[in-house]
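A.B. asks: After the structure tokens below, expect a handful of questions from me.
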Amino acid sequence: MERYVIKGGNPLVGEVEIGGAKNAALGILAASIMTDETVTIENLPDVNDINVLLEAISGIGAKVERIDRHTARINGSTITNFSLDYEFMKKIRASYYFLGAMLGKYKRAEVPLPGGCNIGSRPIDQHIKGFKALGAEVNIEYGLISTQANRLTGTHLYFDVVSVGATINVMMAAALAEGTTIMENAAKEPHIVDVANFLNSMGANIKGAGTDVIRIKGVPRLHKTTYTVIPDQIEAGTFMFAAAATRGDVTVKNVIPKHLEATSSKLIEMGCQVEESDDAVRVYCKGNLQHTHLKTLPYPGFPTDMQPQISVALALANGTSIVTESIFENRFKYVDELSRMGANIKVEGNTAIITGVPRFSGAIVSSPDLRAGAALVIAGLAADGHTIVEDIVYIQRGYERFEEKLRGLGAEIDRVEDDKEITKFKFQHPVA
Ligand code: EPZ
């Protein structure tokens, strides 16, 4: 089982290139099958989630050509299978995007029910509400979601919950419905806008993405396109908090600073300097970090996907911080691991009370999920001594060449398979 081994204590310094947004790319890849013409997608992150979804796309019969590690060419004209194999849903929840894409194009789709996951139960009732509002039938039995419609008709839909997945899924189905669909209380994340822009580049007629009211005028069909995925604001934010936690000086490049505003403003509150330019943000922190309070919210609020990362930095700050997780019900699982490194955090319900400590000590910790795993790496980078982060397969789902990019910033970190390699790393990177 692969692990990261880290020798902490080095401030991260330098520049790091940010890759394409995983959560935008997943919606875009699903939407790419909605035309029978060829679609070329650039700036895909080379991460497990993307590679699994590409396998799923060829699994239903589409042609998939990997031009290079960040570019794929897809042609959906040869799709014959409208039922997604369970193995793909088991590996990646976003497989449920095939429901909206195939319902829109073929008026039928079947995917396995997504399970819960490490951060919460994650129901999909809003996705189903949207499909039914468009006139589709939805049946759930034998662990499968099947949906079909004679025709999809534009509707006026109000989401009960702001949901990224439901907004993207229903937007795809509505793109090929007859008539106009208005979705109210829609999610506004940058990746929603990216999927809408992608669909529009294929001939869809979607307006208002990025606001909470999205208008979709159905079109008869979609056509070929070449599209570049936006930069990943969560990958960027992860490196920004790594800079803060290690008192470093890091510039994240190839980003859209506006997408990072909630992160940048919290870093400033914590005493860091943040300098923005057109496509880069520099974060440097010389003195001690200061405490702050935050509540995770749908965009443009502070992102839930950055909650573990900021909590690690706050656990090393002066004073006591309050972090409230309002999106998922179980996103503090990393706290027990962090406490083993010396953090002083008390979780009560969906709130963490974080009392800063001067330093962490290295330990063996295990990643409970993708973003928590990245946060534990940040903790190891800041800690005295050696840290081993286990279950890094979660981290590899969403971070491309994570250890390589961190080494480029001066981190002492390696991906290792066995104890022998750990011993060798510790010998090569001794603790003073
Ligand atoms: C997306 O998940 C992201 N995943 C998540 O990122 C991210 O944390 C989340 O949005 C919130 O920003 C992808 O884009 C692949 P939601 P999603 O539907 O779409 C409730 C990562 O680390 N809800 O916006 O599943 C739900 O339980 C991952 O990259 C319903 O009640 O999130 C949650 O409490 C982790 N009914 C809230 O809404 C529904 O039908 C937000 O969920 C759908 C959601």
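The values are calculated or read from the model by the stated rules, or taken from the named source; none is laboratory data. None of the values given here were measured: they were computed from a predicted structure. In this analysis, Cβ positions are derived from the backbone assuming ideal geometry, glycine residues included, and neighbour counts consider all displayed protein chains. For accessibility, only protein heavy atoms count, side chains too; no ligands or nucleic acids. Shrake-Rupley method; radii C 1.70, N 1.55, O 1.52, S 1.80 Å.
A.B. asks: What accessible surface, in Å², does a 1.4 Å probe find on Glu404, ignoring ligands, DNA and RNA and rounding to the nearest 10?
C.D. replies: Glu404 has an accessible surface of roughly 90 Å² with all protein chains in place.
A.B. asks: Count the net charge of all other residues whose Cβ sits under 15 Å from the Cβ of Pro358, scoring Lys and Arg as +1 and Asp and Glu as -1. All intermediate terms of the calculation are to be shown ahead of the outcome.
C.D. replies: Details: positive: Arg247, Arg359; negative: Asp384.
Neighbour charge sum, excluding Pro358 itself: +1.
A.B. asks: Using a probe of 1.4 angstrom, how much of the accessible area of region 22-228 is carbon and sulfur, in percent?
C.D. replies: Values: 3730 of 7860 Å².
Ligands and nucleic acids excluded, carbon and sulfur reach 47 percent.
A.B. asks: Show that you can apply the helix-only estimate: for the chain, add -39,500 (n - 2.57) for every DSSP H stretch of four or more residues, divide by all residues, and state [θ] at 222 nm to the nearest 500. Could you put the intermediate results ahead of the total?
C.D. replies: Working: 15 runs with 140 residues, N = 432.
After summing the helix terms and dividing by residue count, I get -9500 deg cm²/dmol.
A.B. asks: If you don't mind, another one. Give the separation of the Cα centroids, region 281-341 to region 173-208, in Å.
C.D. replies: 32 Å
A.B. asks: Here's something else I'd like to know. Can you figure out the FRET efficiency of Asn205 with Lys426, using R₀ = 56 Å and their beta-carbon distance, to the nearest 0.05?
C.D. replies: Values: r = 59 Å, r/R0 = 1.05.
According to the calculation, E is roughly 0.40.
A.B. asks: While we're on this one: Rounded to the nearest 0.05, what FRET efficiency is calculated for Ile364 and Thr226 with R0 set to 51 Å and r the Cβ-Cβ distance? Let's see the in-between values first.
C.D. replies: On the way: r = 46 Å, r/R0 = 0.90.
The value I calculate is 0.65.
A.B. asks: Under 13 Å from the 7 Å Cα→Cβ point of Asp36, by amide nitrogen: which residues of region 62-90?
C.D. replies: Within reach of a label on Asp36, which here means backbone N under 13 Å from a point 7 Å along Cα→Cβ, region 62-90 contributes 76-80.
A.B. asks: Let me ask another. May I have the convex hull volume per residue, in Å³, for the Cα set of the chain? Before the final figure, lay out each step's value.
C.D. replies: On the way: hull volume 54.7 nm³, N = 432.
Spread over its residues, the Cα hull of the chain gives 127 Å³ apiece.
A.B. asks: In addition: Amide H neighbours of Glu189 under 5 Å, counting only residues 5+ apart in sequence or on other chains, H built in-plane at 1.01 Å?
C.D. replies: Tyr299
A.B. asks: If you count, for each residue, the other Cβ atoms within 10 Å and average over each peptide, how do 335-342, 63-70 line up from highest to lowest? Can you show the working numbers first?
C.D. replies: Working: 335-342: 19.5, 63-70: 14.1.
So the peptides 335-342, 63-70, ranked by packing, come out 335-342, 63-70.
A.B. asks: Is there a quick way to get the dipole size of region 291-432? I mean about its Cα centre, with the Cβ of Lys and Arg at +1 and of Asp and Glu at -1; what is the value in debye to the nearest 20?
C.D. replies: Working: 15 positive and 19 negative charges, 71 e Å.
With only Lys, Arg, Asp and Glu charged at Cβ, the dipole is about 340 debye.
A.B. asks: How do 164-171, 49-56 rank on mean C-beta neighbours within 10 Å, highest first?
C.D. replies: Numbers: 164-171: 27.1, 49-56: 21.8.
Highest-to-lowest ranking by the protection proxy: 164-171, 49-56.
A.B. asks: Does region 22-228 classify as rounded, prolate or oblate by the C-alpha gyration tensor (a ≥ b ≥ c root eigenvalues; a/c under 1.5 gives rounded; else a/b over b/c gives prolate, otherwise oblate)? Show your work: numbers first, answer last.
C.D. replies: Values: a/c = 1.30, a/b = 1.13, b/c = 1.15.
Verdict is rounded for region 22-228.
A.B. asks: By the scheme Lys and Arg +1, Asp and Glu -1, what is the net charge of all other residues having a beta-carbon under 15 Å from that of His259? Before the final figure, lay out the partial values.
C.D. replies: Working: positive: Lys22, Lys188, Lys253, Lys258, Lys266; negative: Glu189, Asp194, Asp232, Glu235, Glu261, Glu276, Asp278, Asp279, Asp305.
Cβ neighbours under 15 Å give a net charge of -4.
A.B. asks: With an 8 Å cut-off on Cα pairs and a minimum separation of 6 or more residues, tell me the relative contact order of region 22-228 in percent. Could you put the intermediate results ahead of the total?
C.D. replies: Numbers: 489 pairs, mean separation 42.9, N = 207.
Value for region 22-228: 21 percent.
A.B. asks: If packing is taken as the mean number of other Cβ atoms within 10 Å per residue, what is the order of 297-304, 128-135, highest first? Each step should come with its number before you reach the end.
C.D. replies: Numbers: 297-304: 18.8, 128-135: 21.1.
Highest to lowest by the protection proxy: 128-135, 297-304.
A.B. asks: So, one more: For Thr180, which sequence-distant residues (separation of 5 or more, or a different chain) have an amide H within less than 5 Å of its own amide H, given hydrogens modelled in the peptide plane?
C.D. replies: Gly154, Gly218
A.B. asks: Once you put a point 7 Å from the Cα of Val213 and another 7 Å from the Cα of Thr78, both along the Cβ direction, what distance in nm separates them?
C.D. replies: Those two pseudo-labels are separated by 4.5 nm.
A.B. asks: Sticking with this one: With 15 Å as the cut-off, how large is the P(r) tail for region 244-347, expressed as percent of Cα-Cα pairs?
C.D. replies: Values: 3384 of 5356 pairs.
In whole percent, the long-distance tail amounts to 63.
A.B. asks: Shifting gears a bit: What are the ³J(HN,Hα) couplings of region 34-51, residue after residue, when phi is run through the Karplus curve with 6.51, -1.76, 1.60 and θ = phi - 60°? Round to Hz, x for glycine and proline.
C.D. replies: My calculation for region 34-51 gives 7, 10, 8, 9, 8, 10, 10, 10, 10, 6, 6, x, 8, 10, 4, 4, 5, 5 Hz in order.
A.B. asks: Using the basic label-point model (7 angstrom from Cα toward the beta carbon), what is the Thr320 to Val357 distance in nanometres?
C.D. replies: So the two model labels end up 1.7 nm from each other.
A.B. asks: With labels modelled as points extended 7 Å from the Cα through the Cβ direction, what inter-label distance (nm, one decimal) is found for Lys258 paired with Tyr142?
C.D. replies: The answer from the label model is 4.8 nm.
A.B. asks: Here is a further query. With all protein chains present and a 1.4 Å probe, how do His386, His293 order by accessible area, largest first? Walk me through the intermediate numbers first.
C.D. replies: On the way: His386 40, His293 100 Å².
Most to least solvent-accessible, the answer reads His293, His386.
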